[in-house]
Structure formats: C-alpha cells, structure tokens
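The values are calculated or read from the model by the stated rules, or taken from the named source; none is laboratory data. Keep in mind that what you see is a predicted model, and the values were worked out from it rather than measured. Glycine gets a Cβ as well: all are built from the backbone with ideal geometry, and neighbour counts include every protein chain shown.
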Ligand SMILES: *Cc1c(COP(=O)(O)O)cnc(C)c1O
C-alpha cells in the first residue's frame with residue numbers, strides 16, 4: 001500500500017471572511033493531551049469555558065455553551081429548538097447569512113416571512129416594527145455582522161421593537177463576537193450563536209451559543225420533539241448542566257482551543273479588543289482609499305472586522321486574489337451572490353487585526369494593482385495607513 005504524501009500545509013496570512021489566522025497559543029492548546037469527556041478535569045474546564053463565553057456575550061444566561069459544529073450548526077441549533085412546525089417567523093435578509101437562516105427556518109417547518117434589504121444596507125427599526133405587527137411572529141432572526149457585505153446592523157433598538165411585538169429575537173453574532181460589542185443581557189437578546197473561526201481566531205469547529213430563560217421556556221413548552229437529536233438543547237443542557245448526562249462525545253481538543261482563545265480575549269480586555277479592531281479597520285480603509293478602493297457597505301454601518309470593498313473598474317479581481325495567494329501567501333475573499341465579481345472581502349479578525357497585516361496587504365495590493373496599470377502614487381496607501389496609526 002502506498003503511503004499518503006506528507007502533510008505540509010502552506011503558511012498563509014488569512015485575511016478573508018474566515019477562517020482567520022489562528023493565534024499560536026490556540027494551536028499549542030490543541031496539542032495538549034486529550035482527556036475523557038467525563039473526566040473531572042474536562043468537566044471543570046467546561047464550567048470555566050461557559051463562564052468565559054458568558055463574559056464574551058456579556059450575559060448571565062445559564063444556557064451558554066458551545067455546540068459541536070461550525071457557526072451554521074449554531075444557527076441550526078437556535079432555529080430548530082425555538083421553532084416548531086407552523087410557527088410564524090420573520091427573517092431579515094440583506095446578504096448570504098440571512099438567506100441561510102430563512103432556509104434553515106423553512107426546513108424546520110416555520111412559516112417564514114422574508115424581510116429584504118439590498119446587499120450592503122441595514123434594517124431600520126420601523127420596517128421591523130411594521131412587519132412584526134403584521135405577522136405576529138414567534139421569532140425574528142437577524143444577522144448582526146453580515147460577512148457577505150461588510151454591513152454592521154445595530155441590534156439594540158430592533159430587539160426592543162421585536163419584544164414590543166411579543167416575539168423573541170435571534171441574533172447571528174458569528175462574525176460580530178470578539179470584534180464589536182455584543183450585549184446579550186443589556187439588549188435583551190433571547191438567543192444568539194457564533195462561531196470560532198472569525199474574531200475568536202480559533203479553528204472552525206465549535207459554535208458558542210446562549211439562550212435566555214424565555215428561550216429555554218419556549219424549548220421546554222414545545223408540542224413537538226426537536227427534530228434534530230444532535231442539537232436538542234434540553235438534552236445538551238443535561239450534559240452542560242450539573243447532571244453531566246452523556247449525550248455525544250465532546251470535541252475535547254477543540255474545547256481546549258476555544259478555552260485558550262477566550263482567555264486571550266479576556267486578558268486583552270473586551271474594550272481594548274474592540275478598539276484594536278476599529279483602529280486597524282480605519283488604517284486599512286485609509287490605505288485602500290489611497291488606491292481608489294471604497295467600502296461596499298452603507299457609510300456609518302461598516303464592520304471593522306470585515307471590509308467588503310469595491311473592485312476598481314478594469315481590474316481583474318480574480319487574478320489579484322490568486323496572485324496575492326501565490327506570490328504573497330495572503331488570502332482575501334471573493335464576493336458572494338449579488339457581490340460576486342464586484343467586491344473583495346478583507347478580514348481583519350481577532351489575532352489578524354494588527355498593523356503588520358494591514359501594511360502587508362496594502363503593499364502587496366499596491367504592487368499587483370500597479371502591474372495591472374492602475375494609476376496612483378506609489379507608497380501612498382501605506383503612508384495613509386501610517387497616518388491613522390500615528391494619529392491614534
Ligand atoms: C461564517 C458565518 C456563518 C456560518 O458559519 P460556518 O462556520 O461557516 O458554518 C454564519 N453567519 C455569519 C454571519 C458568518 O459570517
């Protein structure tokens with residue numbers, strides 16, 4: 001039998017929409033010895049991890065834990081537990097991930113009302129209030145950081161409007177968590193989910209989630225069993241709670257990774273972490289502007305950790321991405337859906353949000369754009385970014 005060729009992944013700088021670069025401490029944590037999923041050490045680690053996740057989500061929700069699976073598993077876990085067949089649900093769609101939530105809710109049997117906005121725009125409170133009054137939904141789902149468009153959706157006023165209509169609010173915080181404030185308790189969010197490979201700088205594989213008491217009451221009072229055995233929150237509560245009933249084998253070493261990732265953020269401090277994302281975003285934006293490149297999302301509602309930017313006319317966008325990767329080892333993302341071929345998506349997420357990456361990308365991009373004959377002052381982008389850092 002021939003052996004497989006040796007594993008030798010290239011070293012990249014991951015500046016796309018995720019996965020983001022992994023903090024070296026997180027990779028080291030994953031290589032620690034595996035213990036059993038009911039080992040006293042592991043049970044204690046779960047408690048501490050839950051405590052760390054509560055700090056990230058700024059909540060005291062007991063039911064705060066990590067679903068085994070990526071961000072989409074978190075989405076699915078929230079939807080299948082909160083929605084029963086026939087339930088009216090409103091989903092706000094202004095990009096790929098809102099559309100995905102519609103699909104998941106429809107598969108769970110919900111009667112979905114899809115509230116749409118053009119890509120790159122965000123929702124106003126009034127339109128949500130109106131649709132909630134008309135539909136009387138059980139649940140309103142919305143994405144806080146739409147990774148496909150770079151749009152930042154303010155959540156607090158919308159949560160209020162949803163509650164006034166008697167509904168629960170479910171918020172996708174996959175890209176938001178660890179990059180901008182997510183205030184689960186202060187904003188009264190009923191359920192939230194996230195993922196590990198965006199601003200937590202951890203490999204993909206776990207989905208932090210949090211359900212408040214109202215959401216857990218909805219789960220307890222269901223008429224039908226949750227159709228997913230794997231994602232049933234009541235059964236998962238028996239493992240993550242004090243009963244420690246075996247449900248499925250926890251991904252032990254991924255939990256080490258998430259534990260370390262959360263520790264790193266809490267050591268830095270959440271506010272310092274958000275300020276760092278904002279600073280690097282502003283430096284990148286200034287540098288790109290010097291190259292004639294503008295953000296695609298609505299002004300005033302641009303995400304710091306995901307910069308969706310318009311490809312200048314006449315530039316071969318796919319060639320720039322492939323050369324960034326081949327010649328400089330830098331990954332950035334392509335546009336999806338309505339933005340396909342029109343935008344690049346540049347992530348400055350978590351550990352990746354630092355000046356070295358901003359300078360590296362701007363310098364490389366300048367070189368490639370110059371080779372495609374774009375007119376601009378050589379060195380201007382790096383200088384513009386530098387001015388933002390100097391003015392800090
Ligand atoms: C990445 C992402 C998801 C899906 O997460 P996966 O880890 O790819 O399953 C969901 N919502 C948003 C906003 C995302 O950015």
For the stretch 238-256, name all the residues that are within 16 Å of residue 44 (Cβ to Cβ) and touching a strand residue (DSSP E or B) at 6+ places or on another chain (Cβ under 8 Å). 240, 250, 255
Single unsatisfied condition, residue 45 versus (1) surrounded by 15 or more Cβ atoms within 10 Å (Cβ to Cβ); (2) under 30 Å from residue 365 (Cβ atoms): (2)
In the stretch 50-59, which residue that is out of contact with any strand residue (DSSP E or B) (no Cβ under 7 Å at 6 or more places or on another chain) and more than 18 Å from residue 169 (Cα to Cα) is farthest from the ligand (Cβ to nearest atom)? 51
Give me the pairs: first residue in the stretch 1-30 and more than 21 Å from residue 303 (Cβ to Cβ), second residue in a loop (DSSP other than H, G, I, E, B) and more than 15 Å from the ligand (Cβ to nearest atom), beta-carbon distance under 9 Å, and six or more apart or on different chains, which are they? 10/329; 11/329; 12/21; 12/329
Taking the stretch 301-314 and keeping residues in a loop (DSSP other than H, G, I, E, B), more than 16 Å from the ligand (Cβ to nearest atom) and either at pLDDT 95 or above or on the phi < 0 side of the Ramachandran plot (or both) leaves 311, 312, 313
From 172, 217, 185, 190, which residue is more than 20 Å from residue 263 (Cβ to Cβ) and without any contact (Cβ under 8 Å) to a residue 24 or more places away in the chain? 217
Of the conditions (1) within 15 Å of residue 56 (Cβ to Cβ); (2) not assigned by TED's automatic domain parsing to the domain that holds residue 52, residue 298 fails just one. Which one is it? (1)
For the subset of the stretch 103-121 comprising residues that are crowded, with 21+ Cβ neighbours inside 10 Å and out of contact with any helix residue (DSSP H, G or I) (no Cβ under 6 Å at 6 or more places or on another chain), which member is nearest to residue 149 (Cα to Cα)? 120
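Taking the conditions exactly as written (crowded, with 17+ Cβ neighbours inside 10 Å, in contact (Cβ under 8 Å) with a residue 60 or more places away in the chain and within 16 Å of the ligand (Cβ to nearest atom)), does residue 298 satisfy them or not?
Criteria not met by residue 298.
Does any residue of the stretch 350-369 turn out to be in contact (Cβ under 8 Å) with a residue 24 or more places away in the chain, loosely packed, with under 13 Cβ neighbours inside 10 Å and outside any loop (DSSP other than H, G, I, E, B)? Walk me through it before giving the result.
The initial filter retains those residues of the stretch 350-369 that are in contact (Cβ under 8 Å) with a residue 24 or more places away in the chain, namely 350-355, 357-362, 364-366, 368-369.
Among the residues that remain, those that are also loosely packed, with under 13 Cβ neighbours inside 10 Å are: none.
Scanning the stretch 350-369 turns up no residue that is in contact (Cβ under 8 Å) with a residue 24 or more places away in the chain, loosely packed, with under 13 Cβ neighbours inside 10 Å and outside any loop (DSSP other than H, G, I, E, B).
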Please go through the stretch 37-59 and pick out each residue that is in contact (Cβ under 8 Å) with a residue 24 or more places away in the chain and not in a helix (DSSP H, G or I). 37, 38, 58, 59
I'm checking my understanding of the structure. Among residues of the stretch 56-89 that are under 14 Å from the mean Cα position of the chain (by Cα) and more than 12 Å from residue 195 (Cα to Cα), which one is surrounded by the most Cβ atoms within 10 Å (Cβ to Cβ)? 56
So for the stretch 231-240 (the condition being touching a helix residue (DSSP H, G or I) at 6+ places or on another chain (Cβ under 6 Å) and without any contact (Cβ under 8 Å) to a residue 12 or more places away in the chain), does at least one residue qualify? no
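Specify the residue that is nearest to residue 110 (Cα to Cα); the eligible residues are those in the stretch 148-158 that are within 12 Å of the ligand (Cβ to nearest atom) and surrounded by fewer than 24 Cβ atoms within 10 Å (Cβ to Cβ).
Pass one, the stretch 148-158, residues within 12 Å of the ligand (Cβ to nearest atom): 148-153.
With the extra rule that they be surrounded by fewer than 24 Cβ atoms within 10 Å (Cβ to Cβ), the set shrinks to 152-153.
Details: 152: 26, 153: 24 Å.
So, considering only residues that are within 12 Å of the ligand (Cβ to nearest atom) and surrounded by fewer than 24 Cβ atoms within 10 Å (Cβ to Cβ), the one nearest to residue 110 (Cα to Cα) is 153.
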Just one of (1) crowded, with 19+ Cβ neighbours inside 10 Å; (2) under 21 Å from residue 233 (Cβ atoms); (3) away from the ligand (no atom under 16 Å from the Cβ) trips up residue 38, so point out which. (1)
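Out of 311, 262, 245, report the one residue that is under 25 Å from residue 143 (Cα atoms), in contact with a helix residue (DSSP H, G or I) (Cβ under 6 Å, 6 or more places away or on another chain) and in the same structural domain as residue 37 (by TED's automatic domain parsing). Steps first, answer last, please.
Details: 311 fails: in the same structural domain as residue 37 (by TED's automatic domain parsing); 245 fails: under 25 Å from residue 143 (Cα atoms).
Exactly one of 311, 262, 245 is under 25 Å from residue 143 (Cα atoms), in contact with a helix residue (DSSP H, G or I) (Cβ under 6 Å, 6 or more places away or on another chain) and in the same structural domain as residue 37 (by TED's automatic domain parsing), namely 262.
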Spans of helices (runs of 4 or more DSSP H) in the stretch 192-292 with at least 3 residues within 23 Å of the chain's Cα centre (by Cα) and within 16 Å of the ligand (Cβ to nearest atom): 252-268
Members of the stretch 159-176 found to be within 16 Å of the ligand (Cβ to nearest atom) and not in a loop (DSSP other than H, G, I, E, B), listed by number: 169, 170, 171, 172
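In the stretch 148-158, what residues are in contact with a strand residue (DSSP E or B) (Cβ under 8 Å, 6 or more places away or on another chain), in contact (Cβ under 8 Å) with a residue 60 or more places away in the chain and in a loop (DSSP other than H, G, I, E, B)? So that I can check it myself, show each step before the final result.
Taking the stretch 148-158 first, the residues in contact with a strand residue (DSSP E or B) (Cβ under 8 Å, 6 or more places away or on another chain) are 148-153, 155, 158.
Now narrow it down to the ones that are in contact (Cβ under 8 Å) with a residue 60 or more places away in the chain: 148-153.
148, 149, 150, 153 - these are the residues of the stretch 148-158 that are in contact with a strand residue (DSSP E or B) (Cβ under 8 Å, 6 or more places away or on another chain), in contact (Cβ under 8 Å) with a residue 60 or more places away in the chain and in a loop (DSSP other than H, G, I, E, B).
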